Amino acid sequence: MPIGHELTGEGRAAFGEYLLLMADDELVLGHRDSEWCAFAPLIEEDVAFASIAQDEISHAALFYELIESLRGLSRDQLAFGRPDTEMRNVTLVEQENSDWAFTVVRHYLYDLADDLRTEQLLHSGEPLLRSIAERIRREERYHLEHGAMWLHRLAHGGAEARRRTQHAVDRVLLGCRGIFHPLAWEQVLVKEGLLPDRPSRLLPTFLSRAGAVLLENGLQMPQMAAVAAGPCGRVGHHGPELGRLLETMGEVWRTDPVANW
Amino acid sequence: MSEERLHAFEARIAGGELIEAGDWMPDEYRRQCLRLIVTHANSELMGALPEREWIPRAPGLQRKLSVLSKVQDEIGHAQMIYRVAEDLGRPMGVTRELMLDELIAGKAKFHNVFSYPAPTWADVGVIAWLVDGAALETQGALLKTSYAPYARILRRICAEEAIHLKHGEDIVLTLAAGTRAQRDMLQGALTRWWQPLLHFFGPPDEQSPNSERTFRWRIRLMTNEQLRQAFLRKYVPKVKALGLLIPDPELRQDPATGDWLYGDPDWNEFWRIVKGGGAKTEDRLRLRRMTRDEQSWVREAIAGPTSAA
């Protein structure tokens, strides 16, 4: 049975959009993770981050494959063949890696948000989506443990580490809001049984979980309302970092998009 | 007393026994094993860099994942081998930090082959197929080395290298069966890597600094030329079968011995690189130095008294 066969046209479109934004988040973050490979502060982290990067890119591939069956574009066309204006990832994940504190905090808080998102997928009416979510969550458990360990190490690692970590929290938490940005077609996902609730409604739960983790580590929760939101990646507004990332990522593939590589 | 110990040690080796980290061994045996093992660890770490440049550019999700996985393996090998070196070098005060410091200061050896640039995607395939193929010959021959802890990790490393070979061969076969531009790119990479591949095994035996003792103590079991010939016998026919041109007009097989006779691969160039003069040696070391300096705060943070694991 092809995926989404019971959906209305509107339902299929919304489903495709939702899969695409999750896939793009995972691909772009996985790409950023992979940039640490060979340059992490410890050899152990070169290995760990390479493994995390492979997981994220594999998750992206799983979502792209579902879209492939909905839209008829191959997963490589989806990953390598779109301009930045068609990318749906949150701008948080496209930002350059900066320092290790930013990397750790971004990944951990993103993983906390992703945990809520994939938990919601477990209650989807679409069996394929449920089984993908189960697989993803098995791997993400280790990412969460890894992130919690590093956040603790850095938050308790002396004045400089602490200053860098707090600075990263201030930057990242704001960007995390974009993950749950309300989207016009969210209600369609609920109506057609693909999700139990609108994803944007996960934001308060995320903020209270993130706040608890920060408090445990003696870190401050930044004043979110005081800061204006940045560009919204969900509707294709991105920073120049994403354009550069896509240019690099597609450098070889785009020389001949129909060739076998 | 020490004469007797040396005789007993050599008798163990001659009897096919293996030496463990805690066993008595002559200082010279320790030094020679350590030199071999540290050079291997450094080479795994530095060897990750040319391919690493292509992780962000790999064409297609599957290629991106497989290059990433390969580079991860190489760095994981370095990690395991440094641990073996640390155990062996402990009586001489050798630590991983010290080995890494010496590497980035340009004072330590790593394989000459990792001093070259990898300018195209085809280089990734040629490196993973042929450079890893060459490494597998060398490492396979070391599986019976007399230093047991090294032999044990080599078994695992060789198993993973065999997977890298498949990954490289798959990239090469895909390009060879591809468009004209893809085939040209592949030929270009082979032409670039052929001489470094001959250099890979080291100078001809008569110029090799390896002492007779290295073989008597079974630290190494095959000479440079034996390894080079094993490689050529396996890979020359495979490369030719792809319709690629090997850039050596003098290359031919001796029908009597089966050995491949090759033109002079410019051993002066080899010695120049060994002494630190490779095209990318300094760039790659500088990159390592820079990232190590930038991240010193992380290592300080986790070493501090308030950190909890």
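Laboratory data are not the source of any read-out in this text; all were calculated from the coordinates shown. Just so you know, these numbers come straight off a predicted model, no measurement behind them. Neighbour counts run over all protein chains shown; Cβ positions are idealised from the backbone, glycine included.
Miscellaneous remarks
- Region A:22-89: relative contact order as a whole-number percent, Cα under 8 Å and 6+ apart: 41 percent
- Angle between chain A longest axis and helix A:203-216 axis [Cα atoms, degrees, rounded to 10]: 20 degrees
- Each Lys and Arg contributes +1 and each Asp and Glu -1, all at the Cβ; summed about the Cα centre of chain B, the dipole is approximately 640 debye.
- C-alpha center-to-center spacing [region A:29-82, region B:107-137] in angstrom: 25 Å
- Per-selection Kirkwood Rh - chain B (Cα, Å, 1 d.p.): 20.9 Å
- Selected from B:215, B:110, B:201 as most flexible by GNM, with chain B as the system and alpha-carbon contacts under 10 Å: B:215
- Residues of type lysines that residue B:234 reaches as a straight line, Cα spacing below 19 Å, ignoring anything fewer than 8 places off in the same chain: B:166
- Of the residues A:80, B:94, B:122, the one whose Cα sits farthest toward the positive end of the charge dipole of the protein assembly as shown, with +1 on the Cβ of Lys and Arg and -1 on the Cβ of Asp and Glu, is B:94.
- In region A:1-130, the alpha-carbon atoms span a convex hull of 113 Å³ per residue.
- Region B:171-213 and region A:144-193 have Cα centres lying 46 Å from one another.
- Under conditions of 25 °C and 0.890 mPa s, region A:9-255 yields 133 µm² s⁻¹ as its translational diffusion coefficient, taking Rh as the Kirkwood radius over Cα pairs in the Stokes-Einstein equation.
- The GluC sites (Glu not before Pro) of region B:1-40 that DSSP puts in a loop, and whose beta carbon has at most 16 other beta carbons within 10 Å, are B:17, B:20.
- Within region A:9-255: Cβ-based charge dipole about Cα centre, in debye rounded to nearest 20 (Lys, Arg +1; Asp, Glu -1): 640 debye
- Charge dipole (debye, nearest 20) of the protein assembly as shown; +1 at Cβ of Lys and Arg, -1 at Cβ of Asp and Glu: 200 debye
- A helix-only calculation puts chain B at -21000 deg cm²/dmol for mean residue ellipticity at 222 nm, using -39500 (n - 2.57) for each DSSP H run of at least four residues, averaged over all residues.
- Gyration tensor verdict on region B:115-194 (Cα atoms; rounded if a/c is under 1.5, prolate if a/b is larger than b/c, oblate otherwise): prolate
- Rel. contact order, % - alpha carbon contacts under 8 angstrom, at least six apart, chain A: 25 percent
- Rounded to whole Å, sorted largest first: equivalent-ellipsoid semi-axes of the protein assembly as shown, Cα gyration tensor: 48, 30, 19
- Mean separation of Cα contacts under 8 Å (6+ apart) over length of region B:2-303, as relative contact order %: 21 percent
- Counted as membrane-span-like here are DSSP H helices of chain B whose alpha-carbon atoms extend 30 Å or more along the helix's own axis and whose Kyte-Doolittle mean is -1.0 or above; these are B:27-52, B:61-89, B:148-176.
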